[in-house]
Amino acid sequence: MSRGPLLLAVLLLAALLGPASARAQTPMGADPEVAALRSSFEYGKYAEVLERAGQRIDRGDLPEEDLVELHKLAGLSAFNLNKTDDAERHLRAVLRLDPDFSLDPFVVPPPAVAYFEDLKNQMSGERDFLRQEQRLRLEREKTEQERREQERVALETQRRRAEELARQVTVRTVEKHNFLVNFVPFGAGQFQQGRNGMGIAFAATEGVLAITSIIAFFAYDSLFEERLINLDNVLDEDGRASIPVRYIPTDRARQADTWQLLKLASATGFYTVYTLGVVDAVYHHEDQVVTSTTVESRPEPKPSPTVSQAAPPRVRLYSTKGGLGAGFSLTF
């Protein structure tokens, strides 16, 4: 096969596949007019593309990607039509929107790529400034996005807190105290007031003193002895007279004094501690104490569907060829 027909077939295949591949790479959300202008540019309708792209740019309301694409199509169309001023204006606009934009050398002819690269060199200082400005803009957008995210999180936290507070119920408990309980020994007044530590201290002290006093009482009483003393010149029916005498022997006098002293000291200590307990209980007495407790309310359980009662039995009559019939039905 000669090279002429082979080259013609390759060019025809490229012409057929080019628009299809371009349509496949077009974003689904792109402006349909931008896609139509791209297709017209691929078919060489440069004058139409230059005019319609300028009109669409003037109407505005375009995302940055579509605006860059329209300026590129208009600039290349103007370059192909030898309209240098329009080509330079649109291609400079492309570089101002995207300072690092480059043309695809596999799609755009080399003269247009060289012209575009020359414009990039001429705008090198302006492009550096635009890059810095773009960086600052991206940083501001990032900061603003982070601020909005923090506000969203704060609002969400407040909303959840409000929902939690709405589900909480405050239960107030009123506890009434009897004033007479303050005069009961063994820390009864302190226990009524919820001061268990002081109540245990008074109860233990008074208990020890009371037990000590009781033990001393019985120990002292156990020291006594009894004996009968005969009386002279006194006669009874039996011809003699005597009386019982209860006494502590002399050898036990020291023990008696010790137990007597311990009994009196423990009794005095008991009543002293009891008095202190009564004074302390009266001083801290409150007729009623209100306590508040916050609990989470739970939704009342939905009543379970009641089991449908069985329908009462029914008797029905119907006619037949031979007369009248009856039927019985029961639902359960």
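The values are calculated or read from the model by the stated rules, or taken from the named source; none is laboratory data. Note that the structure is predicted; figures quoted are calculated from it, not measured. Cβ placement follows ideal geometry from the backbone for every residue including glycine, while neighbour counts extend to all protein chains displayed. When the accessible area is computed, the model is the full protein with side chains, heavy atoms only, and any ligands, DNA or RNA have been set aside. Shrake-Rupley method; radii C 1.70, N 1.55, O 1.52, S 1.80 Å.
When you go through L165, L223 one by one, which is the residue that is in contact (Cβ under 8 Å) with a residue 12 or more places away in the chain and of a type outside the set (K, R)? Reasoning before the result, please.
On the way: L165 fails: in contact (Cβ under 8 Å) with a residue 12 or more places away in the chain.
Within the list L165, L223, the selection yields L223.
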Which one of D86, D66, D58, D31 is charged (D, E, K, R) and under 19 Å from K120 (Cα atoms)?
D86
Those residues of segment 97-126 that are outside any loop (DSSP other than H, G, I, E, B) and under 15 Å from A74 (Cα atoms) come to a total of 5
So V279 fits all but one of (1) under 60 Å from the mean Cα position of the chain (by Cα); (2) closer than 20 Å to S213 by Cβ; (3) open to solvent by 70 Å² or more (accessible area, probe 1.4 Å); what number is the exception?
(2)
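Here is a yes/no grid of residues against (1) charged (D, E, K, R); (2) within 29 Å of V289 (Cα to Cα); (3) open to solvent by less than 70 Å² (accessible area, probe 1.4 Å):
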{"site": "Q158", "(1), (2), (3)": "no, no, no"}
{"site": "A166", "(1), (2), (3)": "no, yes, no"}
{"site": "H177", "(1), (2), (3)": "no, yes, yes"}
{"site": "L180", "(1), (2), (3)": "no, yes, no"}
{"site": "Q190", "(1), (2), (3)": "no, yes, yes"}
{"site": "N196", "(1), (2), (3)": "no, yes, no"}
{"site": "D221", "(1), (2), (3)": "yes, no, yes"}
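Residue by residue, here is whether (1) farther than 28 Å from L180 by Cβ; (2) at pLDDT 85 or above holds:
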residue: A203; (1), (2): no, yes
residue: A219; (1), (2): yes, yes
residue: L228; (1), (2): yes, no
residue: D232; (1), (2): yes, no
residue: S242; (1), (2): yes, no
residue: R252; (1), (2): yes, no
residue: W259; (1), (2): yes, yes
residue: Y274; (1), (2): no, yes
residue: H284; (1), (2): no, yes
Quick check on my filter: what residues within segment 99-114 are under 18 Å from A53 (Cβ atoms) and open to solvent by less than 50 Å² (accessible area, probe 1.4 Å)?
F101, L103, V108, A112
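If you go through segment 170-189 one residue at a time, do you hit one that is of a type outside the set (F, W, Y), on the phi > 0 side of the Ramachandran plot and touching a residue at least 60 places away in the same chain (Cβ under 8 Å)?
Quick first cut of segment 170-189, residues of a type outside the set (F, W, Y) only: 170-178, 180-182, 184-185, 187-189.
Now drop any that are not on the phi > 0 side of the Ramachandran plot, which leaves 187.
Filter once more, keeping what is touching a residue at least 60 places away in the same chain (Cβ under 8 Å): 187.
Yes, that holds for at least one residue.
Would it be correct to say that G54 is free of Cβ contacts under 8 Å to residues at least 12 places away in the same chain and either over 51 Å from the mean Cα position of the chain (by Cα) or surrounded by fewer than 19 Cβ atoms within 10 Å (Cβ to Cβ) (or both)? Can you show your working first?
Values: free of Cβ contacts under 8 Å to residues at least 12 places away in the same chain: no; either over 51 Å from the mean Cα position of the chain (by Cα) or surrounded by fewer than 19 Cβ atoms within 10 Å (Cβ to Cβ) (or both): yes.
Here the answer is no, as G54 does not meet what is asked.
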